[in-house]
Amino acid sequence: AQAKVLRAIEDGIIQRVGGTKSIEVDARILSATNKNLTEEIEKGNFREDLLHRLNVIPILVPPLRERPEDIPLLVKHFAQDISQKHKKVMPTFSEEALTLLQSFRWAGNIRELRNIVERIIILIDKKEISKKEIEFLIPYEKQDIGEMVDLSNSFQDFKGKAERAFIMKQLDANHWNISKTADSLNIQRSHLYNKMKKYDIVKGKT
């Protein structure tokens, strides 16, 4: 495949899959990678001559963990976009919440940040997202999200599992005091009781 790409770049000629006719093309190529291509060349996984052809004007985009100053702007952009998508009021993020988000390594870069913002907006119905909500939500996300997704049959099923886990963490943090937990969730006690009944949340039961 790399040889065919190199030939197309050098000669400006391609052939359709299954075709025999040569077609002249005049194209500009934008390519991206998250790998170190110099190392890939040394391993024999990438052609050096193809790299020289592609690497005419290199643009280095540092990973998100190296540009934490971008996170507040990205969070605001994602929050606006996701709130419109789910027809919800766009929340703001407190300074402490943004500082906490800036402290994470974000192995999944911008995609991971967007996923976290979407999960926060879906599960937390507040005008302002605080550090406290993120501290409860993100650890569960990083540890158990894969299993939760695998066990979910639909988006609603996944949302229910995630909401149940979040409520249980809030209950644990408030030593199962219903009034304090309802206040921290910004909902009525009766609403919390309904949620606990819906998700079969009982102290001592996981």
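The values are calculated or read from the model by the stated rules, or taken from the named source; none is laboratory data. As the structure is a computational prediction, the values presented were derived from the model and not from experiment. No Cβ is skipped: glycine too gets one built from the backbone with ideal geometry, and neighbour counts run over all protein chains shown.
Would you please name the residue that is surrounded by the most Cβ atoms within 10 Å (Cβ to Cβ), looking only at residues in segment 168-199 that are at pLDDT 90 or above and assigned to a loop (DSSP other than H, G, I, E, B)?
In this case the residue turns out to be I187.
Report yes if I9 is surrounded by 10 or more Cβ atoms within 10 Å (Cβ to Cβ), part of a loop (DSSP other than H, G, I, E, B) and of a type in the set (A, V, I, L, M), otherwise no.
no
Output the number of the condition that K88 fails; it satisfies all remaining conditions of (1) surrounded by 11 or more Cβ atoms within 10 Å (Cβ to Cβ); (2) over 30 Å from R114 (Cβ atoms).
(2)
Does segment 51-69 contain at least one residue that is touching a helix residue (DSSP H, G or I) at 6+ places or on another chain (Cβ under 7 Å) and among the β-branched types (V, I, T)?
Within segment 51-69 (the criterion being touching a helix residue (DSSP H, G or I) at 6+ places or on another chain (Cβ under 7 Å) and among the β-branched types (V, I, T)), the answer is no, since none of the residues qualifies.
Taking K126 as the residue in question, decide whether it is at pLDDT below 85, surrounded by fewer than 17 Cβ atoms within 10 Å (Cβ to Cβ) and over 29 Å from P63 (Cα atoms).
no
Looking only at residues that are at pLDDT 90 or above and of a type in the set (A, V, I, L, M, F, W, C) in segment 101-115, which one is surrounded by the most Cβ atoms within 10 Å (Cβ to Cβ)?
Filtering first and then ranking leaves L101.
Has segment 17-32 got any residue that is of a type in the set (A, V, I, L, M), at negative phi and surrounded by 15 or more Cβ atoms within 10 Å (Cβ to Cβ)?
Taking every residue of segment 17-32 in turn, none turns out to be of a type in the set (A, V, I, L, M), at negative phi and surrounded by 15 or more Cβ atoms within 10 Å (Cβ to Cβ).
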